[in-house]
1. How long are the three semi-axes of the equivalent ellipsoid of segment 102-151, in whole Å, if each is the root of 5 times an eigenvalue of the C-alpha gyration tensor, listed from largest down?
2. With only alpha-carbon pairs counted, each pair once and no self-pairs, how large is the Kirkwood hydrodynamic radius of segment 1-116 in angstroms?
3. Cβ neighbours within 10 Å, averaged per peptide: list 58-64, 97-103, 24-30 in order, most packed at the top.
4. Hey, in the GNM for the chain with a 10 angstrom Cα cutoff, which one of Gly96, Gly129, Gly16 fluctuates hardest?
5. If I take every Cα pair under 8 Å that is 6 or more residues apart in the chain, average their sequence separation and divide by the length, what percent do I get for the relative contact order?
6. Mind counting lysine pairs for me in the chain? Cα separation below 26 Å, and the two need to be 8 or more apart along the chain or on different chains.
7. Can you give the three extents of the C-alpha atoms in segment 1-65 along their principal axes, from longest to shortest, in whole Å?
8. Report the relative contact order of segment 4-82, percent, no decimals, based on alpha-carbon pairs under 8 angstrom and at least 6 residues apart.
Amino acid sequence: MVNKAYAAIQIRRFAGLDFFPHQAGEAIVELVVAAMSAHSEEICKAACDSILFDAVKCPKPAEVRLAVKSEYERRLSTEIKREPRPNLCKWCESNGYIQDSGVFKRCLHCPNGGEFPETLLELMNTPPGPKPSIEGRIRNAVRMGEILSRS
Ligand SMILES: [Zn+2]
């Protein structure tokens, strides 16, 4: 719930719109009460911003309430999406390796890092040289397959 003074400041921003109830104190109070329904000042302001973005005429209290509600729901859904995935290593996201100034290294902060195959790190850190021969590529593919089946 937002206090009356803050809600009034936000509603006053509609004063330049057509049909703002300049002469009707009660109508303004209803708009302020609607703006007060916001959970926080931030949501109250964002709701009024969204109305002002394209409104030509002053919104009705119901439209203010609706804007407040949809702003609240929009934030709720993005907060849920932003929540970090639980139980992931914060250094390597449980991939087992980190990249330190261009070099792949084993993560030293979690068990996945401890188990990360050294040979795979070597391969990851091998600069792309000249194209290997067919035999070389087959050897690499076999080696890669062995490493991957181990991990
Ligand atoms: Zn880790």
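We did not get these values from a lab; they are worked out from the coordinates using the rules stated. None of these values were measured; they are calculated from a predicted model. Virtual Cβ from ideal backbone geometry, glycine too; neighbours counted across all protein chains shown.
1. Numbers: eigenvalues 116, 42, 4 Å².
Equivalent ellipsoid of segment 102-151: 24, 14, 4 Å, largest first.
2. On the way: mean 1/r = 0.0582 Å⁻¹.
Result for segment 1-116 stands at 17.2 Å.
3. Numbers: 58-64: 18.3, 97-103: 11.0, 24-30: 13.4.
Top to bottom by mean Cβ count within 10 Å: 58-64, 24-30, 97-103.
4. Ranking Gly96, Gly129, Gly16 by mean-square fluctuation puts Gly129 first.
5. On the way: 141 pairs, mean separation 23.7, N = 151.
In percent, rounded to a whole number, it is 16.
6. 14
7. Projected onto the principal axes, the Cα atoms of segment 1-65 cover 27, 25, 18 Å.
8. Working: 76 pairs, mean separation 27.0, N = 79.
The normalised contact order for segment 4-82 reaches 34 percent.
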